[in-house]
Amino acid sequence: MANTLRKSAKFAFSGVLSRVSIHNGHGRVSVSPCFSLQQRNNSTKAKVKVDLDSSTGVAVLGMESSPVNSLSLDFLTEFCISLEKLEMDKSCRGVIITSTLPKVFSAGLDIMEMYGKSPERCGEFWKAVQEMWLKVYGSDMVTIAAINGSSPAGGCLMALACDYRIMADNPRYSIGLNETQLGIVAPFWFKDTMINTVGNRTAEVALQLGLLYSAPDALKIGLVDQLVPQDQVLTAAQENMAKWLAIPDPARQITKSMMRKQTIDRLLSNREADITNFVSFITKESIQRSLRMYLEMLKGRKA
């Protein structure tokens, strides 16, 4: 499965949101814009740290793109290259994806990758978002998300693409695909990944309302698989990884491919149309105007 995905070009992506919290009958919802603003003063600093323990075959991929691990093109390029290197390393059988930053796993798509950019650049960006999902969702390695902070929109998608999700047991942390809160529609492959994780009805409600779930509520609906104290997230991920790696790789990989191939093939077959739709939408004057207003709001908060 991974070999098929390697034929796609290496790109990078960009991520998502944060805003106010409200409550409804479905859990804690953050009425958040689906985008984050990445600082530009760390462009030369490594954004991903990889530690591979060859004795166990487990790598820890730590996202460290301050301040909130926004999914920018630079960040995602580095992320994809790092994951590709691990995939090709025969000593690596599993990877734990986590954050080295406090209180956030990933805040999602970087708004600056979509505002004021040419259609060509927007297309490159979206192809990179696709590539990130393809590489994680289709990896031959065991992938575990150690979610040690909030993970909205693009951050949630990255976690959903993993085989298993462990989250810090903190009700202030939230996770979900909340695109509709900004008037944006989650693409079909976001939707498919959500349905494969929590089921059709729960996904339908979550996606239409753009819900962000608190950690306890995320566990209730199966969006995450396990909650542990903040300081035990990485340890729990390593313990669970040992269980997954106890299964012979060929049997596990073939089973994973059977479960995920249809979803992966659907994007691969519609990739160009998905890019065209995204570019057409994001470059509309009305959407660019909304993004500009959001940027002005962020600048106002910092003033």
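The values are calculated or read from the model by the stated rules, or taken from the named source; none is laboratory data. The shown structure was predicted, so the numbers you read here are calculated from the model rather than taken from an experiment. Reconstructed Cβ throughout: ideal geometry from the backbone, glycine too, with neighbour counts over all protein chains shown.
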Checking LYS135 against (1) over 20 Å from ILE275 (Cβ atoms); (2) in contact (Cβ under 8 Å) with a residue 24 or more places away in the chain; (3) of a type in the set (D, E, K, R), which test does it fail? (1)
Among the residues of the stretch 217-226, the number that are buried (at least 18 other Cβ atoms within 10 Å of the Cβ) and of a type outside the set (Gly, Ala, Ser) is 4
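To keep it simple, each residue is scored yes or no on (1) aromatic (Phe, Trp, Tyr); (2) surrounded by 13 or more Cβ atoms within 10 Å (Cβ to Cβ).
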| position | (1), (2) |
| --- | --- |
| GLN253 | no, yes |
| ARG260 | no, yes |
| LEU291 | no, yes |
| TYR294 | yes, yes |
| MET297 | no, no |
Taking SER99 as the residue in question, decide whether it is in contact (Cβ under 8 Å) with a residue 40 or more places away in the chain and either under 21 Å from ALA237 (Cα atoms) or polar (S, T, N, Q) (or both). yes
Could you pull out every one of the helices (runs of 4 or more DSSP H) wholly within the stretch 69-180 that has 3 or more residues that are at pLDDT 95 or above and either among the basic types (Lys, Arg) or in contact with a helix residue (DSSP H, G or I) (Cβ under 6 Å, 6 or more places away or on another chain) (or both)? 73-88, 119-137
Could you please find all residues in the stretch 150-174 being surrounded by fewer than 24 Cβ atoms within 10 Å (Cβ to Cβ) and hydroxyl-bearing (Ser, Thr, Tyr)? TYR164
Whether any residue in the stretch 269-277 is of a type in the set (Gly, Ala, Ser) and in a helix (DSSP H, G or I) is what I want to check. yes
Selection from the stretch 87-142 of residues that are over 17 Å from MET63 (Cβ atoms) and β-branched (Val, Ile, Thr): ILE111, VAL142
What's the number of the condition SER286 fails, among (1) touching a helix residue (DSSP H, G or I) at 6+ places or on another chain (Cβ under 7 Å); (2) farther than 20 Å from ILE96 by Cβ? (1)
Please find, among VAL185, VAL198, the residue that is more than 20 Å from THR98 (Cβ to Cβ) and at pLDDT below 95. VAL185
Kindly establish whether ASP231 is surrounded by 11 or more Cβ atoms within 10 Å (Cβ to Cβ) and modelled with pLDDT of 95 or more. no
Residues being hydroxyl-bearing (Ser, Thr, Tyr) and either under 17 Å from TRP133 (Cα atoms) or in contact with a Gly (Cβ under 7 Å, 6 or more places away or on another chain) (or both) - total across the stretch 246-265: 2
State whether the residues of the stretch 168-188 include one that is of a type in the set (Asp, Glu) and under 14 Å from the mean Cα position of the chain (by Cα). yes
Every listed condition ((1) without any contact (Cβ under 8 Å) to a residue 60 or more places away in the chain; (2) farther than 23 Å from ILE175 by Cβ) holds for LEU83 save (2)
Scanning the stretch 187-216 for residues that are under 16 Å from GLY155 (Cβ atoms) and hydroxyl-bearing (Ser, Thr, Tyr), which turns out surrounded by the fewest Cβ atoms within 10 Å (Cβ to Cβ)? THR197
For the stretch 217-246, what are the residues that are touching a strand residue (DSSP E or B) at 6+ places or on another chain (Cβ under 9 Å) and not in a helix (DSSP H, G or I)? LEU223, VAL224, ASP225, GLN226, LEU227, VAL228, PRO229
Determine which member of the set ALA251, ALA203 is assigned to a helix (DSSP H, G or I), under 19 Å from the mean Cα position of the chain (by Cα), at pLDDT 95 or above and of a type in the set (A, V, I, L, M). ALA203
